[in-house]
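The values are calculated or read from the model by the stated rules, or taken from the named source; none is laboratory data. Worth saying up front: this structure is predicted, and the values here are computed from it rather than measured. Note that we place each Cβ from the backbone using ideal geometry, even for glycine, and neighbour counts take in every protein chain shown. Calculation scope for accessible area: heavy atoms of the full protein, side chains included, ligands and nucleic acids excluded. Shrake-Rupley method; radii C 1.70, N 1.55, O 1.52, S 1.80 Å.
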Amino acid sequence: MAASIIETCHVACSANRTPNVVSWGRGGTIAFGTCNSVALYDPQERRVVALLNGHKGRVNAVQWVHNNHNASERHVVSGGSDNQIILWEAQHGKFVQSVECKGHTGPVSAVDAIYTEDSKVLVASSSSDSTVRLWLCSDNKQAECLHNVSFGSGFMMDVSLALLPGTRVPILACGGDDSRVHLYVQESGLLQKAMSLQGHEDWVRGVKWAFTGSELLLASCSQDSLIRVWRLCAKSATDTSAEDDHTVIKMKEDVFEVKDRGMVLVFAVSLETVLAGHENWVYGVNWQPPVYKGGELQQPLTLVSASMDKTMIIWAPEEGSGVWVEQVRVGEVGGNTLGFYGCQMSPDGSMILAHAFHGALHLWCKHQDKEGEWKPGVVISGHFNAVQDLSWDPEGQFILSVGSDQTSRLFTTWRMQDSKQATWHEISRPQIHGYDLQCLAMVGRFQFVSGADEKVLRVFQAPRNFVENFANISGISKEKLLQSSGSASLPEGASTPALGLSNKAVFQGDLVPKAAKEEEQFSSISDQYQESYFHPLSLTEPPPEDDLLQNTLWPEVQKLYGHGFEMFCLASDSTRTLVASACK
């Protein structure tokens, strides 16, 4: 008898709570750090295609190593809380651990990498040991630390590498907590400081280079809510002598010299524009990847930024004037969340992705027909802390899980109209609690009991809105499901009161909008403030994070008292009529 092969059909995970942890490759694959692994996610197939395990601590930074001809990447680099950097290489279609860079004495917070002319990988890394290191990874699986720059008691939040235009000299940009952007060029292996760019008034959170043919553009974003774009271009000797003409008003240029192959080259850096539009710290900034036009690679002048004000903005220069303006703004509303930690743009510029404080990925896709409109897309989700317990429903059609992130989540399969393969997705978040959840047991087709770090067990029952949406997504007949859940008295949905922990049922009558006259005179203070935040959903595909946070809760139907300490484990019998529980 042949051994049966078990295959992974779904990995439910979320991005780590760090700014530089997501990177979108030119081949279309998204790499992100989840716990101690790097997940490779295919947004077209909507599933994790590989997990790269090698770090012994949380992965804090992930970056694809882009090549010149815009093909799928062969290398991805990651840095973690285990103080090391790992370079992963594609071999026969799978990524394997190629080189380890050890030397930092603190967790690695940012990494970037480029190819040198002899196709070695040059890696820059920043760490909480207040240093930035430059590494050279060669084909013989060896990593050499070329240089180590110490910033005393300061920290560098982000690093970005590029090659100076027309040369093979790498230039490194570092943004840090001294509100400056530091530029270093590599000369004879070592990093030489070229200059510091001043202007930001708070910590610089992100820096990114873009190569536009003859010059480099550097975007930097900061906690002062502003984004600055700097232009770096080569100067000839005649240009520099004309500098002394004081009659012309123009932007101040900072000049530095670089020696390359026996020649001295002069480069100038000037401020291109300042972009104001965000209302809170800007954590991430990224350029649209280059695209092929007329047989050659061109860098579109499009910038995407993500901020703690829960929005992402796409910026681009206006065609006539060349003034940089806000083109599109997308974001999330509702829910007890903080803002976005970072942003990425797909290779063709048709999708943008952000990751949030609670690990959730947010995807927006450009509308095919309506110009300038973007709509939320279906993307992977999962617990952002330890998963403590899970249970299948009695019919085996969905899985419920609970975790230390204080949520319970319900996953089921969904098949797109034209797709052969069904993928797993989170379609409901029945309980969002104030305590870490520890255990759960199903006690019926659409009923479960959960226990957290408290003395009470809570019983939840699915509302009508969930049953209808579950029927739409899974393709099971609605009538059959409503029969099995006793549909007569089912509430529409649930919502949590502002200061409560219990999900209150919302009935059909609660959703009817009040007449205009009634609204004018409030009979009591409580009428002014709407208690229910629930809006019924009609889903044909898995919902985005905003809806999961407040429109997919299940009402709590009962509490079970008796224990004197925190809940530990739960079980139900096969007939689903009895529940046994144990506490600490």
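Would you mind telling me the share, in percent, of accessible area of region 19-161 contributed by carbon and sulfur at probe 1.4 angstrom?
Here carbon and sulfur together make up 45 percent of the probe-accessible area.
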By what distance, in whole Å, do the Cα atoms of region 138-291 stretch along each of the three principal axes, largest value first?
56, 47, 39
Radius 9 Å from Cβ of Asn83, net charge of other residues (Lys, Arg +1; Asp, Glu -1)
-1
Distances over 17 Å make up what percent of all Cα-Cα pairs in region 426-504?
51 percent
Using the structure shown, select from Lys94/Lys141; Lys102/Lys310; Lys455/Lys504; Lys235/Lys259; Lys120/Lys366 the pairs with a Cα to Cα distance greater than 25 angstrom.
Lys102/Lys310; Lys120/Lys366
Estimated Rh, region 266-363: Kirkwood, alpha-carbon pairs, angstrom
14.7 Å
Considering only protein heavy atoms, what per residue accessible area in square angstrom results for the chain with a 1.4 angstrom probe?
47 Å²
Mind listing the Cα extents of the chain along all three principal axes, in Å, largest one first?
86, 73, 49
Taking every pair of Cα atoms in region 143-188, average 1/r, invert it to obtain the Kirkwood radius, and report Rg/Rh to two decimals.
1.00
May I ask you to compute the full-extension gain from Ser419 to Lys94, defined as 0.36 nm times their residue separation minus their alpha-carbon distance, rounded to one decimal in nm?
114.6 nm
Theoretical FRET efficiency, 1/(1+(r/R0)^6), r = Cβ-Cβ of Ser196 and Val325, R0 25 Å, to 0.05:
0.30
According to a simple spin-label model (label point 7 Å from Cα along Cα-to-Cβ), what is the distance in nm between Gln44 and Glu144?
4.0 nm
For the chain: relative contact order, % (alpha-carbon pairs under 8 angstrom, 6 or more apart)
8 percent
Mean ellipticity per residue at 222 nm, deg cm²/dmol - from DSSP H runs of n ≥ 4 across the chain, formula -39500 (n - 2.57):
-1500 deg cm²/dmol
Can you tell me the mean projection area, over all orientations, of the convex hull of region 390-431's alpha carbons? Units nm², please.
3.5 nm²
Extension gain from Leu390 to Asn67, taking 0.36 nm per residue of separation minus the Cα-Cα distance
112.0 nm
Could you rank the peptides 274-284, 385-395 by their average count of other C-beta atoms within 10 Å per residue, with the highest value first?
274-284, 385-395
With 0.36 nm assigned to each residue of separation and the Cα-Cα distance removed, Tyr292 to Glu279 gains 1.2 nm
Run the simple label-point estimate for Ser474 and Asn53 please: 7 Å along Cα→C-beta, distance reported in nm.
3.0 nm
Suppose R0 equals 25 Å; then what is the FRET efficiency for Gln508 and Lys455 from their Cβ-Cβ distance, rounded to the nearest 0.05?
0.15
Karplus-derived HN-Hα couplings along region 474-481 (A = 6.51, B = -1.76, C = 1.60, θ = phi - 60°), whole Hz, x at Gly and Pro
8, x, 8, 5, 5, 4, 4, 5
For labels at Cys365 and Ser538 in the simple 7 Å Cα→Cβ model, what's the distance in nm?
2.1 nm
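From the gyration tensor of the Cα coordinates in region 81-216, what semi-axes in whole Å does the equivalent ellipsoid have, largest first, with each one equal to sqrt(5λ)?
Values: eigenvalues 115, 73, 35 Å².
In descending order the semi-axes read 24, 19, 13 Å.
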Taking N as the number of residues in region 88-155, what value does Rg over Cα atoms divided by 2.2 N^0.38 Å take?
1.19
Have a look at region 350-418 and give its Rg and Dmax from the Cα atoms, expressed in angstrom.
15.8, 46
Per the Cauchy relation, a quarter of the hull surface: what is the mean projected area of the convex hull of the alpha carbons in region 21-151, in nm²?
7.6 nm²
How high is the FRET efficiency from Gln483 to Ser574, r the C-beta distance, R0 22 Å, rounded to 0.05?
0.55
Solvent accessible area, Å² - Phe565, 1.4 Å probe, full protein context:
130 Å²
